[in-house]
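**Student:** Before I ask anything, here is the structure I am working with.
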Amino acid sequence: MDSETSGSGRDWFFPSPSFLRSSSSSQYGHRFYSNSKPYTPPTLTRIRHRRRVKFPRTHTLTNDKPQLSDTQNNVNSSPNNNLIFPSQSRFQFALLTLTIVFFLLLLLLLLRNAHLESQLTKLQGDILGLNIILHACHQLDTFNVTSSSSQDANSGLSENFKRNLALFFSFILLFIPLIIFKYIDYVSKSIFSDNLSERVSLNKQLAYRVDVFLSVYPYAKPLVLLVATVLLILLGGLALFGVTTEDLAHCLWLSWTYVADSGNHASSQGIGPRLVAISISFGGMLIFAMMLGLVSDAISEKFDSLRKGKSEVVEQNHTLILGWSDKLGSLLNQLAIANESLGGGTVAVMAERDKEEMELDIAKMEFDFKGTSVICRSGSPLIVADLKKVSVSKARAIIVLAEDGNADQSDARALRTVLSLTGVKEGLRGHIVVELSDLDNEVLVKLVGGDLVETVVAHDVIGRLMIQCARQPGLAQIWEDILGFENCEFYIKRWPQLEGMQFEDVLISFPAAIPCGIKVASYDEDDDTYAPASLPTVWRGSLPKDFVYPKSPERILFCGWRRDMEDMIMVLDASLAHGSELWMFNDVPEKEREKKLTDGGLDINRLENISLVNRDGNAVIRRHLESLPLESFDSILILADESVEDSAIQADSRSLATLLLIRDIQARRLPYVAMASQTHGGSFSKGSWIGEMKQASDKTVIISEILDPRTKNLLSMSRISDYVLSNELVSMALAMVAEDRQINDVLEELFAEEGNEMHIRPADLYLCEGEELSFYEIMLRARQRREIVIGYRLDNAERAVINPPAKTDRRKWSLKDVFVVITEKE
């Protein structure tokens, strides 16, 4: 000590780190002891030493800060310094200490209560002794009094002990979870004090576990609420048992009444019972608030599920439509007509749209559903769980609609939908009707779906149908009458009573139907609206002459561009006479046209009957149309252009504009002939633009591809175009195949490149002028030409009559009448 103090003063004022560590183990770091010299009170040197020890905390000398900071770090990093905790740990430790003190005080109160009870017992014993002295002469009575008093004292002690124990136990149950939680948090912080930044706090861990429990298990929230209610009733009942004189069962009942109705505690007497009753009522209000929240959330989720279409459809033998397109309205109309005879049916629609939007769009459709219910659900047809939600395995027919847009993408999605349908474990009761956009993808879809799938290639079918209608005016209206369920429809059924009969006799065996063909292998058919009758007596007669329908070269104009243009060209080349011309007028460059046609599989050099003439221009610009010889074409096809086919309204507006421009140009180029229209529209004067266009339409047939059914009324009113309502015809075909999958064989036969097709024949092929014949007789004469007559159109009529009712009635026919027949392709 003397040697150190007598040396350099700097070592004394600025002690080394090792010196500080050695001195920190004593109570006062500034005192030093020596065994060789007695202790003397410190003088001025001691005072200076105290200032130097406190120097690192105040940081008053900036020039010595690095050394002192290093000293302080060494002190903090010492392994013996285990009593230095963060402020949060100190707070939790203080809270734990206060909780222990509270329980100690509670224990002291219970002990004092026990002491008072022992004093009471002693006083009762003294009273008992006095009673024995007063009743010495009455020993029996004294014995009874003694026994009863002793029993009362013992029972009173036991009852008080139970109540105190119940009160103590209720408090223990109330505070034990908090104590355990704080103790675990305190211990975890003490263990991981070296790495506080990476450690996850106990609060976060417990919150995460509770969140997982409530999220994974659907009934976790009601279960937690039930457990909290039971615990509150038990703790409240025990507390009431400790502060009142009632039995435990009654206290539990009172606790339940306080939880269920917070106003029941108003009748409580005494400070203790009132405090417990208020606590229970407050807990009950919290529990019932949580219960109301859970009930409100459950009701809201249920209504939200119903509103968004997430609930399950519990139906069977219903028609299921997957997807959404412009064809949906016409399809629902046809299905409603088909179900009318059954009193209505059920149609489920599932698409990736909001349920409310779908229902609003369906409500805007202007037709009567005739008792058919339409149920909308939101979901994806590519997800099996969503398919099960609409009872896909119990549906009698499933219709997969093509999406608007790119054909390949639409067909690829249809293929994935078929894969999802075939993956349903329960299997499918009905068949699948798939609308495709490209004929090349039909083989792949049938390969995946197998026997369950029936395909309708809408775009290719409409293209071929437009060509048929362009070459035979009036055929579009006949197709509308045949397709769908509003007028005539196809049926396939087996009739055992017709076995062994010739087909000519079968033709005249059905008064209410017309046999169109024979299907070798067929399924059962449940329609009974027609049946064969007894064979009538019909005079067959003979044809007036051996007439061969002549073919002459034609000139046809295509306005617009379709993606299946190469297929339409090949169909025309196979059906037109040699020397015909096909003019293509659109805004696609000529080199790009040739590339598209070649990529589609068309070899222009191998065309036999037609020659292609390319013209560039916009079909809605008048000066571009005026560069064409519009008055020289036999047929003009206005196509829904590929660039705008995604929007039905825009495509129809473009088609209507093109139609009006062409008719106006034709009317101005043709010499006007005064005429009175024999149609129901009345007579047209020379100043009437409709009359001029009607005269132009008598020379040239214009077929307009219409996508929106609302555009039909405009064309019907003007009667300046023989139109094809493409979306509606496709919807009719889909509905017919959905109702009876065998109809698809008939449609494929009529729409295929080879086989049979529908034609309109003049009357002079079957009869002479003024000849009186029945419809049966005309059918038998047409059979000599290997044709089947299914209807007729009189000279002064606008519409054809398909499947006439009175087939045996004879009438006079005109050579200007025409007959609708099914015959082999020419």
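**Student:** Out of the total accessible area of region 312-451 (probe 1.4 Å, heavy atoms of protein only), what percent is carbon and sulfur?
**Tutor:** Numbers: 2810 of 6110 Å².
The computed percentage sits at 46.
**Student:** May I pose another question? Tell me, what % of the accessible area of region 209-305 is carbon and sulfur with a 1.4 angstrom probe? Present the calculation step by step, with values, prior to reporting the outcome.
**Tutor:** Values: 4400 of 6120 Å².
Carbon and sulfur: 72 percent of the exposed surface of region 209-305.
**Student:** Another question about this same structure. What nm value, rounded to one decimal, do you get for the distance between VAL210 and MET285 when each label is placed 7 Å out toward the C-beta?
**Tutor:** 2.1
**Student:** Hey, for a label at GLU590 modelled as a point 7 Å past Cα toward Cβ, could you say which residues of region 604-643 have their backbone N under 11 Å away?
**Tutor:** 613-616
**Student:** I'd like the FRET efficiency for LYS388 and ARG669, computed as 1/(1 + (r/R0)^6) with the beta carbon distance as r and R0 of 60 Å, rounded to 0.05. Kindly include the intermediate steps, with their values, before the conclusion.
**Tutor:** Working: r = 63 Å, r/R0 = 1.05.
According to the calculation, E is roughly 0.40.
**Student:** What figure in square angstrom, to the nearest 10, would you give for the accessible area of LYS816 with a 1.4 Å probe?
**Tutor:** Accessible area of LYS816: about 140 Å².
**Student:** Turning to a different aspect of this structure: In square angstrom, what is the accessible area per residue of region 312-451 with a 1.4 angstrom probe?
**Tutor:** Details: 6110 Å² over 140 residues.
I get 44 Å² per residue for this part.
**Student:** Note down the nm distance, to one decimal, between modelled labels 7 Å out along Cα→Cβ at MET365 and at ALA220.
**Tutor:** Once both label points are built, they end up 4.4 nm from each other.
**Student:** Kindly state, to the nearest 0.05, the FRET efficiency for LEU134 paired with TRP253, given R0 = 45 Å and r defined as their beta-carbon distance. Write down the numbers at each step before the final one.
**Tutor:** Values: r = 44 Å, r/R0 = 0.97.
The value I calculate is 0.55.
**Student:** On full extension of the chain, what length is gained from GLU749 through SER611, given 0.36 nm per residue of separation minus the C-alpha to C-alpha distance? Kindly include the intermediate steps, with their values, before the conclusion.
**Tutor:** Details: separation 138, 0.36 × 138 = 49.68 nm, distance 2.81 nm.
Full extension from GLU749 to SER611 adds 46.9 nm.
**Student:** Now for a different question. Sorted by packing (mean other beta-carbon atoms within 10 Å per residue), highest first, where do 751-762, 275-286 land? It would help to have the intermediate numbers written out before the result.
**Tutor:** On the way: 751-762: 16.4, 275-286: 19.2.
Peptide ranking by packing, descending: 275-286, 751-762.
**Student:** Using the heavy atoms of the protein chains and a 1.4 angstrom probe, tell me the accessible area per residue for region 458-507 in square angstrom.
**Tutor:** On the way: 1880 Å² over 50 residues.
Using a 1.4 Å probe on heavy atoms only, each residue of region 458-507 averages 38 Å².
**Student:** At 0.36 nm per residue, minus the direct Cα-Cα distance, what do ALA512 and LYS302 gain on full extension? Give it in nm, one decimal, please.
**Tutor:** On the way: separation 210, 0.36 × 210 = 75.60 nm, distance 5.25 nm.
Value of the extension gain: 70.3 nm.
**Student:** Measure out, as a whole number of angstrom, how far apart the alpha-carbon centroids of region 276-352 and region 444-517 sit.
**Tutor:** If you average the Cα positions of each part, the centres end up 40 Å apart.
**Student:** Sorted by average packing, counted as other Cβ atoms within 10 angstrom per residue and highest first, what order do 365-374, 639-648 take? Mind dumping the intermediate values first?
**Tutor:** Values: 365-374: 15.0, 639-648: 19.6.
Highest mean packing first, the order is 639-648, 365-374.
**Student:** Looking at region 451-489, which GluC sites (Glu not before Pro) are DSSP coil and have at most 12 other C-beta atoms within 10 Å of their C-beta? If you can, show how the numbers build up before the last one.
**Tutor:** Values: sites: GLU454, GLU480, GLU486, GLU489; in loops: GLU486, GLU489.
For GluC sites (Glu not before Pro) across region 451-489 that sit outside H, G, I, E and B with at most 12 neighbouring Cβ atoms in 10 Å, the list is empty.
**Student:** For region 780-826 and region 368-427, what is the separation of their Cα centres, given in Å?
**Tutor:** Taking the Cα centre of each part, region 780-826 and region 368-427 sit 41 Å apart.
The values are calculated or read from the model by the stated rules, or taken from the named source; none is laboratory data. Keep in mind the model is a prediction, meaning the values are calculated, not measured. No Cβ is skipped: glycine too gets one built from the backbone with ideal geometry, and neighbour counts run over all protein chains shown. Note: accessible area is taken over every heavy atom of the protein model, side chains too, but ligands, DNA and RNA are not part of it. Shrake-Rupley method; radii C 1.70, N 1.55, O 1.52, S 1.80 Å.
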